[in-house]
Amino acid sequence: MDLSTQITYFISAVIPLYFIAFILYFVRILRGPTIPDIVIAIDALGYDLAVFLAVLAILFKSPLLIPCPIVLALWIYALDIYVAKYLEAREIGA
Amino acid sequence: MMPDMARFVYNSLIVILVFNTAISLYGILARPSLVKKLIALTIFSDSLNSFAILVGYRLCKGFEQPVPPIVTRIPPTQEHISKLIATAVDPLPQALVLTAIVISLAVLAFLAALTLRIYYVSGTTDARSLALMRARAAVEGE
Amino acid sequence: MYVEAILVFLGEALIAIGVFFDIIASIGMLRLPDFYSRIHALTVGTIGGAVVPLIGVALLALGAPFLGVYRLYLAGAAIITAILLLMLAPTGTHVIARAAYRSGAAKPLYISIDELATKSEGRGGEKR
Amino acid sequence: MTGLVALLLCLIMGVISLIATYLAIVERDLLKALLFSAVQSTAYAFIYYSLAAPDIVLVYIPVAVGLYPLLLLIVIKKTERYERP
Amino acid sequence: MDLEALVIASMPLVLAGAAFALPMIRLAIRSKEFFDLYAVFWTGIAAIVTSYTVIKVWNIGKPLLYTLGGWPPPLGIVYEIDLVGAVLAALTAIVIFLATVYSAWFAYRFEKRVAWYYTLILLLEAGLLGCMYTGDIFNLFVMIEVTALASYALVAFYRDRLIALEASIKYGIIGAAATSVYFLAVVILYLSYGTLNMADLTLRAHELTTLLGTKLGTEVYTLALSSTIALALSLWTFMYLAAIFPNHFWLPDAHPEAPTPISAILSGVVVNVGIYATLRFFYTIFSPGSVLSTVTIGSLALSLRDFILYVAMILGAITCILGALLMVVQRDVKRLLAYSTISHMGLIFMGLAICLDTVAEPIRVLALAAVVFHTINHAFGKSLLFLSAGVFIDITGTRDMERWREMKGVGGDRIAFSGMVTGSLHLLGVPPLGGFFSKLMLMQAFIASGKPWLALVLVAASAIALIAYIKLITSAAPLISAPQTTKRSPLAILTIVILIALCVAPGIAYVAGYVIPALQKIASLTASTHGVRAYIEAALHAAEVLTP
Amino acid sequence: MSAYRALILVSMVVFALALSYALTYGILRLEVPLTLRDLAKLYISTTFNPLKRELSAMTPEGVTAIVWDYRGTDTFFEIVVFYGAIIGSVALLGAVYRYPPGPGLSLIAKTVTRIVATMILVVGAAIALHGHLTPGGGFQGGATLAVSITIALVTFSLGALMLRGLTYGGMVALRSLGLIGIVLTVFMVVIASLTAGITAYVFQNQPKPGVPIGMAYSVDGIVFSGTVWFLNVLDAIAVAAGFALLFIVLIGGGVEGERE
Amino acid sequence: MMRFIAVFLLGFLVYIVFTGSVSLYDIVSGLAVAVIVSAICSRYLVRDERKLSIARLGHLISFVIRFIGAEIRAHADVTKRILSDIRKAINPGIIKIPYEVQSDYAITMIANSITNTPGTAVVEIDPAERCFYVHWLYVKTYKRDEMKREVVSFYEDYARRVFD
């Protein structure tokens, strides 16, 4: 078995595990109960999804897909601080 | 068996997108809050965009995943280009969706500003109260 | 050849660790009782479950024979993402926890000692 | 084979997006609705990624996960948070 | 290649560029006069260029095709300007030019926001010209969005009036959804035909071959059904844009609330986008003989195309009557005029829907000629009415006609009053004016196609509208009995006089016998089989020239 | 009211069922295609092909080639729509020249944002500058630059940033410069060819049959794809400034802040 | 000038690593981007130029190596707690941890290291009283100096060496 098939098998085995994690996170998003709970669940989902995207780039053998995870991670952080600002401050601009 | 499965998954995905479209259209038409209408509007246009991307998708020989339509060898040989044709997805829907996403963002930005202005003027973002206030203002004249 | 194989195995091992921590984190996210304890599950998910496998992806990409000239590109972007995550994830967590505490959006339910409550007396509930 | 895997992943994410869309529409707390729509956008971004459209992902994630929420958060913050029944 | 074609095709881009520069200029220059001059200058140039386009296309006798970027048609975007498009574009540019001149007087009330006002007008004009010029269905979507966004912003321009803001958001939210639906239609067309170019689509829908010379593989039946879905979806969007029942609800709120010159532009020319796009789809892409005509609905014995057209026709008739009826009960003068727009749009849609498979070609040409003529007349008449009503509103300070009657001692403007009378008679269809002849032509088309009930609808709507126009005139008449007290604006009067002339001129020209041959030529270049062929040939020629 | 909602609900259900029937097994019988459409084949075979230079966009990235070259007009007017949205918002809410500085978020967030914003600026510039080679392009890069601006805006507060150079006027000037640059780039080849006495096409990039004038696509083996590169860079600047402007107006416009 | 060069190097490094190639185009455009970015940002990034030195970088690297060990222990601990009976396994509390470092970067480094270790997370920071408020998943001790040793461990030493 050469390296490339081995990598393919390994990643194919990993994918369902990732999806179990995603679905469990999603259950937490659905159950809430408060806004910060949802936000941190989205955080976890987003960061893990970013990793998953990087893993998939190897599975699909197209390295050109790789800028996507970085952008996703950045924006999840942005979402965090937006919501934090909303909860914390009197107005968004302050 | 594999063609059937591909076809089933593809069509199920389309059905899901259509249902998303319908749910968000319900949100646009029936929910009273203007902000909720805007949220629904984004989902609506995104679902249609996803449909466009799905139209541009294809599978390669042996049901392999295609690659993005990018020439990776510079300068390419004829052989390289024909390999790309055999494995790349359709770039045109992607370009169309790019344009459509930006356009819907622009429209949403304007509508958000408008909602804000409506709140400053009237003190509400509820479509029903707005309709009432409007009717009252129209009766009272200028 | 051997170098490549070693890189690939290392990468796969790191990814496997990452998946393990992801699942732990998601279970913790469900099982832990209140918002403030779930933060720790999030940390497990981001450091163990995201930074580690991203380094794994970088190693895997360096070792993967089929990626051609673009393997450096993949590895570089993965490492940059990992470094950014190391800074972004804790800050995001801190910011959201602080906002949750200050605004009272999430109350600590199970808590043995709360030294912040005594400090922020009278400053707590103003933000509703 | 990998193509089928990609399509299946899309399908699962599609189901997640369907649930998120439904919740985003029926939820009366607009902030929660916004977060649900962010989840839906993330799922869509994954779908675009699996359908080999990195350009779209790069433009869609900033727009739908980052800019829409800020835009609408500003609006919600300056107006009202709960939708009237 | 051709310098003239270059100038014509770059007109929308240049207008957008002119709009781009304004905010930066505003950082340095704050005087209102400068912005007035700037806007009048660019819209004037646009009016000249588009009028010249009509002459040029008339002379070459086939569609003028400009390939943007030099790409052969199915690859790139083309501007394909046939006579109908050129005429409507010239109409647009002229009306916007006049409204801008009027704005030079009117815009004093916007104080510091006047630069944004002109920027939006320039964007609106760029979008409208692009809509009329483009030969690509996706580009049409983008241009519709440009137009729509500028319209929303202009409707909400009185930012302290709740009614205006509410009208704008209603228009905007449903409008954004409607244009997205058109995007879905574009995607479905691309899915089944594999192209976005209008000429290429026409070729594929008629002969199942492509501009590239290959055969289309899909079954005819599937193709016809998918085209039907796409056509139904896009027709819904166009009906929204043209305010056809049941999508008319936004117009009577949105158009009156805009500033008066904008009301004139919106009611006069922006609604024409819906008309023009429908015309493109039914007269060119899916003209008789396309795949849509080959599949019939069993028990009705109608082809799919005819079925859609009958639906459009019935909706048009309902709109026509409904608009006229609601016109009568209005007290607000601008609202009355907005309902009049709805009524006329219904009328024009009825005329458009005549192009059934079963109707002979000369009659289709006649119907299109009537539609174009009526669109022109309606644009001039409606903008004349709005602009002269604007003068009255400025004098009296109210839009309520009942209160106009009670105002004693407030002097109205006589020229504006005569403009109002002329406009009313023109739209009503009184013989020496142009409106009569366009309604006559429409009536001829209805009767010749064997649908006399449509003619009845026309007459009934006109009769109902008569009551409303009498109400309008009689409320304005007491005002002019007193001598005018306020200062009259030469610019406003100038535009009103020009528009009066533009209303009278078609009638005179018709009587003198110039109009019918001209309209015949305009319409036959689009509606006849020969015209459709010419449309395709232009694209084929360009593809041949540009492929090395 | 409930009857209205029920009506909409029923019609939506009908709409969803009908459209999904029509698109899937019912009428269109869609399948995942195993080959490309003719047009797509043409696009991919000409996107970077030095052998057919007169029919090639000379841009390795297929999507960017369509966005900025084959169908550049679409993208141009897409920018116009975005511009119109910003102008409309400014017209509604008023320009903002000054805004009181606020406390911002915590010290940790401020420190991290300083580093991260710098890194994001670099990443955004990389995405925009490699738009013709790898996925990305002007809008993507500009949106990523806008992340940097928005997270700074949220962490440090609008007033604090306005004191440090993120002013309304500056952003207007930057945006207008970008947009005017785009217009000039669009007409660049035309202007060049008019001085040589022939007429080129609007949006032209590479030489075309009958028009031997065009942009060079590479210098010393560095591929930059002619006008596509300029358009990407200018678009990134314009988009970043546009987002900054939009958020300045949305946050500061209206009740608070000093307006014109 | 030093600060300009430091930020320039950071920008250039990120650019090159992100693009993952060192062709002429990347180097030229990377130089240009790095110059522009450092011209904009260097004023805000580096307050005190004298602190930039190679020795501090070395401390940072040795910190990273020790930090990995701490991470592994913390992960194992939290994993065990999550998988066992949850109510008994945790004993959460928000405690006050004082710090002594001066610069913003040092404070941030300590705080982020604490948050990055599963089991502890900084909830609030009070610059006036110079203390963090840390949420601790399992409060082992209520003695203040032991708490500090457990939570902060070696982070503060390294933070002082690297940034102060």
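Results, tabulated for the structure shown:
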| quantity | calculated |
| --- | --- |
| Single condition C:Phe35 does not satisfy, out of (1) within 7 Å of chain A (Cβ to nearest Cβ); (2) touching a Pro at 6+ places or on another chain (Cβ under 7 Å); (3) farther than 15 Å from A:Ile40 by Cβ | (3) |
| Residues being more than 7 Å from every other protein chain (Cβ to nearest Cβ) and either in contact (Cβ under 8 Å) with a residue 24 or more places away in the chain or open to solvent by 10 Å² or more (accessible area, probe 1.4 Å) (or both) - total across region F:36-51 | 1 |
| Which numbered condition E:Leu75 fails, given (1) of a type in the set (A, V, I, L, M, F, W, C); (2) in contact (Cβ under 8 Å) with a residue 12 or more places away in the chain; (3) not in a helix (DSSP H, G or I) | (2) |
| Meets criteria (buried (at least 20 other Cβ atoms within 10 Å of the Cβ), away from chain G (no Cβ under 11 Å) and at pLDDT 85 or above) for C:Leu10 | no |
| Check on B:Ile74, within 10 Å of chain F (Cβ to nearest Cβ), open to solvent by 30 Å² or more (accessible area, probe 1.4 Å) and in contact with a Ser or Thr (Cβ under 9 Å, 6 or more places away or on another chain) | yes |
| Single match in E:Thr209, E:Thr228 (criterion: of a type in the set (Ser, Thr, Tyr) and within 25 Å of E:Ala543 (Cβ to Cβ)) | E:Thr209 |
| Which listed residue, of F:Ser157, F:Ser193, is away from chain E (no Cβ under 13 Å) and open to solvent by less than 20 Å² (accessible area, probe 1.4 Å) | F:Ser157 |
| Checklist (1) within 23 Å of E:Val78 (Cα to Cα); (2) more than 14 Å from chain F (Cβ to nearest Cβ); (3) in contact with a helix residue (DSSP H, G or I) (Cβ under 7 Å, 6 or more places away or on another chain) applied to E:Leu546, failing item | (2) |
| Failed condition for E:Phe392, given (1) within 14 Å of another protein chain (Cβ to nearest Cβ); (2) open to solvent by 10 Å² or more (accessible area, probe 1.4 Å); (3) touching a residue at least 40 places away in the same chain (Cβ under 8 Å); (4) of a type outside the set (Gly, Ala, Ser) | (2) |
| Where a residue in region D:8-36 is closer than 20 Å to D:Tyr68 by Cα and its partner, wherever it lies, is of a type in the set (Lys, Arg) and open to solvent by 10 Å² or more (accessible area, probe 1.4 Å), with Cβ under 7 Å and at least six apart | D:Ile25/B:Arg31; D:Asp29/D:Arg81; D:Leu30/D:Arg81; D:Leu31/D:Arg81 |
| Candidate set from region F:160-171 (those that are part of a helix (DSSP H, G or I) and in contact with a strand residue (DSSP E or B) (Cβ under 8 Å, 6 or more places away or on another chain)); member that is surrounded by the fewest Cβ atoms within 10 Å (Cβ to Cβ) | F:Gly169 |
| Among the candidates E:Leu165, E:Leu128, E:Leu124, residue that is part of a helix (DSSP H, G or I), more than 10 Å from chain F (Cβ to nearest Cβ) and crowded, with 24+ Cβ neighbours inside 10 Å | E:Leu128 |
| Subset of region E:285-308 [closer than 18 Å to E:Ala367 by Cβ, surrounded by fewer than 22 Cβ atoms within 10 Å (Cβ to Cβ) and of a type in the set (A, V, I, L, M)] | E:Ile308 |
| Leading residue by the ranking (farthest from G:Val7 (Cα to Cα)) among those in region G:52-81 that are among the small types (Gly, Ala, Ser) and either touching a strand residue (DSSP E or B) at 6+ places or on another chain (Cβ under 6 Å) or open to solvent by 50 Å² or more (accessible area, probe 1.4 Å) (or both) | G:Ala76 |
| Residue in region F:61-68 that is touching a strand residue (DSSP E or B) at 6+ places or on another chain (Cβ under 9 Å) and more than 30 Å from D:Leu4 (Cα to Cα) present | no |
| Identity of the residue in region E:517-547, over 21 Å from the mean Cα position of the chain (by Cα) and of a type in the set (Val, Ile, Thr), that ends up surrounded by the most Cβ atoms within 10 Å (Cβ to Cβ) | E:Val532 |
| Number of positions in region F:15-28 that are open to solvent by 90 Å² or more (accessible area, probe 1.4 Å) and either touching a residue at least 60 places away in the same chain (Cβ under 8 Å) or more than 7 Å from every other protein chain (Cβ to nearest Cβ) (or both) | 2 |
| G:Lys96, sole failed condition from (1) facing another protein chain (nearest Cβ under 7 Å); (2) open to solvent by less than 10 Å² (accessible area, probe 1.4 Å) | (2) |
| Counted residues, region E:1-56 - those being more than 8 Å from chain F (Cβ to nearest Cβ) and among the small types (Gly, Ala, Ser) | 9 |
| Scope region E:205-238; condition over 27 Å from E:Leu315 (Cβ atoms) and either assigned to a loop (DSSP other than H, G, I, E, B) or open to solvent by less than 10 Å² (accessible area, probe 1.4 Å) (or both); matching residues | E:Leu208, E:Thr210, E:Leu211, E:Leu212, E:Gly213, E:Thr214, E:Leu216, E:Gly217, E:Thr218, E:Glu219 |
| Some residue of region G:13-31 being in contact (Cβ under 8 Å) with a residue 40 or more places away in the chain, away from chain C (no Cβ under 14 Å) and either touching a strand residue (DSSP E or B) at 6+ places or on another chain (Cβ under 9 Å) or open to solvent by 20 Å² or more (accessible area, probe 1.4 Å) (or both) | no |
| Residues (open to solvent by less than 20 Å² (accessible area, probe 1.4 Å) and not in a helix (DSSP H, G or I)) located in region E:430-448 | E:Leu433 |
| Test: residue in region E:78-88 that is open to solvent by 10 Å² or more (accessible area, probe 1.4 Å), away from chain F (no Cβ under 14 Å), under 20 Å from the mean Cα position of the chain (by Cα) and not basic (Lys, Arg) | yes |
| Qualifying position, being of a type outside the set (Val, Ile, Thr) and more than 7 Å from chain G (Cβ to nearest Cβ), among C:Gly28, C:Gly45 | C:Gly45 |
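Residue-wise test of (1) assigned to a helix (DSSP H, G or I); (2) closer than 30 Å to E:Thr134 by Cβ.
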{"position": "F:Glu78", "(1), (2)": "yes, yes"}
{"position": "F:Gly84", "(1), (2)": "yes, yes"}
{"position": "F:Ser89", "(1), (2)": "yes, yes"}
{"position": "F:Pro101", "(1), (2)": "no, no"}
{"position": "F:Val112", "(1), (2)": "yes, no"}
{"position": "F:Val122", "(1), (2)": "yes, no"}
{"position": "F:Ala125", "(1), (2)": "yes, no"}
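The values are calculated or read from the model by the stated rules, or taken from the named source; none is laboratory data. Not measured: the values here are computed from a predicted model. Cβ sites come from the backbone with ideal geometry, for glycine too, and all protein chains shown count toward neighbours. We work out accessible area using only protein heavy atoms, side chains counted, and drop any ligands, DNA or RNA first. Shrake-Rupley method; radii C 1.70, N 1.55, O 1.52, S 1.80 Å.
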